[in-house]
Amino acid sequence: MTVKPYTSEGSKKKQVAGMFNNIAPKYDFLNHFLSLGIDKIWRKRAINLLKSKEKPLILDVATGTGDLALQAHQRLGCQVVGIDISTEMLKVAQEKIEKRGLSDVISVQEADSENLPFDDNHFDAVMVAFGVRNFENLNKGLTDMARTLKPGGKMVVLEFSKPAYFPFKQLYLFYFRYILPWLGGAISNDKAAYTYLPESVLSFPDGQLFDDELVEAGMRPVKRYKQTMGIATIYLSEKPAQ
Ligand SMILES: C[S@@+](CC[C@H](N)C(=O)[O-])C[C@H]1O[C@@H](n2cnc3c(N)ncnc32)[C@H](O)[C@@H]1O
């Protein structure tokens, strides 16, 4: 059964957009606080996989408050287009971009990963951090991302995964199931959002199962990089040259 933020009825997409609209003002603080800042290191590692001689044009899917897009520009000197379905998350992203004077190199717009408003074979690389788990239709999202990527282009997906080994697995699951929803709920005033987080992670196809999803979407998995005992995984894949 698909895990949704608020109720089992209705569209997941609408509920996800509503949830991120609610938590947008607190999102950055909670992200770094609840992960003890480790999320920044994971994003940096994901971006490093996209280093190239040329300055690439990159699509950042589910850009949210724009952290991955901003870091990618800082590290790679690239141009980034960010898309998201949450207006409020995008407002925070836009403010950050303007504050840093980067409007000419980073742009954000409202769009759905499952129906991207870009031509085929347009981007040099596509990236997404903590977004794919929230898609209503994972295959549709990955397939459309692959469509907009140039043949031979890289796709990098950073997503939570499930740690496998005792005792870290048990300790982490305790934190994830009991402490995080309580802390996140108290600070964001949206307890459902931080109950949805562990539920959606635990039901998400990670590891080899996610690589299978990439293959279904027309991508060629290259390598998986487990982060911090498997709490998160970076999936690197390539669009086959036609
Ligand atoms: C956990 S946030 C991640 C934001 C950002 N990438 C980061 O690293 O912090 C997930 C984002 O995915 C967006 N999202 C969910 N489904 C989407 C879809 N179908 N198309 C575009 N964005 C989507 C949400 O609105 C939200 O901003």
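The values are calculated or read from the model by the stated rules, or taken from the named source; none is laboratory data. Quick caveat: nothing in here was measured; it's all calculated off a predicted structure. Cβ sites come from the backbone with ideal geometry, for glycine too, and all protein chains shown count toward neighbours. The accessibility values were calculated without ligands, DNA or RNA, using every heavy atom of the protein model including side chains. Shrake-Rupley method; radii C 1.70, N 1.55, O 1.52, S 1.80 Å.
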### Query
Over segment 1-116, what is the mean sequence separation of C-alpha contacts under 8 Å (at least six apart), divided by residue count, expressed as relative contact order in percent?
23
### Message
Roughly how far apart, in whole Å, are the Cα centres of segment 116-169 and segment 21-72?
### Response
13
### Summary
On the accessible surface of segment 92-242, probed at 1.4 Å with all protein chains in place, carbon and sulfur together account for a percent value of 54
### Task
Subtract the Cα-Cα distance of T228 and E98 from 0.36 nm times their separation in residues, and report this length gain in nm to one decimal.
43.5 nm
## Note on the structure
GNM of the chain, Cα pairs under 10 angstrom: of A186, A24, A129, the biggest fluctuation goes to A186
### Task
Quickly estimate the mean residue ellipticity at 222 nm for the chain, helices only: each DSSP H run with n ≥ 4 gives -39500 (n - 2.57), and the total goes over all residues, rounded to 500.
-13500 deg cm²/dmol
### Average accessible area per residue (Å²) across segment 111-180 - probe 1.4 Å, nucleic acids and ligands excluded
44
#### Entry: Restraint check, K26/K140; K4/K191; K51/K223; K26/K191; K191/K226, Cα-Cα greater than 18 Å
K26/K140; K191/K226
### Query
How big is the Rg/Rh ratio for the chain, C-alpha atoms only, Rh by Kirkwood, two decimals?
0.94
### Over segment 1-138, volume per residue of the alpha carbon convex hull, in Å³
118
### Query
Label E110 and K140 with points 7 Å out from Cα along Cα→Cβ: what is the distance between them in nm?
1.8
### Query
When DSSP beta bridges are limited to those with both residues in the chain, what percentage is antiparallel, rounded to the nearest 5?
40
### Summary
For segment 102-212, averaging the sequence separation of alpha carbon pairs under 8 Å that lie six or more residues apart and dividing by its residue count, the contact order in percent is 24
### Task
Provide Y178, Y165, Y194 ordered by accessible surface of protein heavy atoms (probe 1.4 Å), highest first.
Y165, Y178, Y194
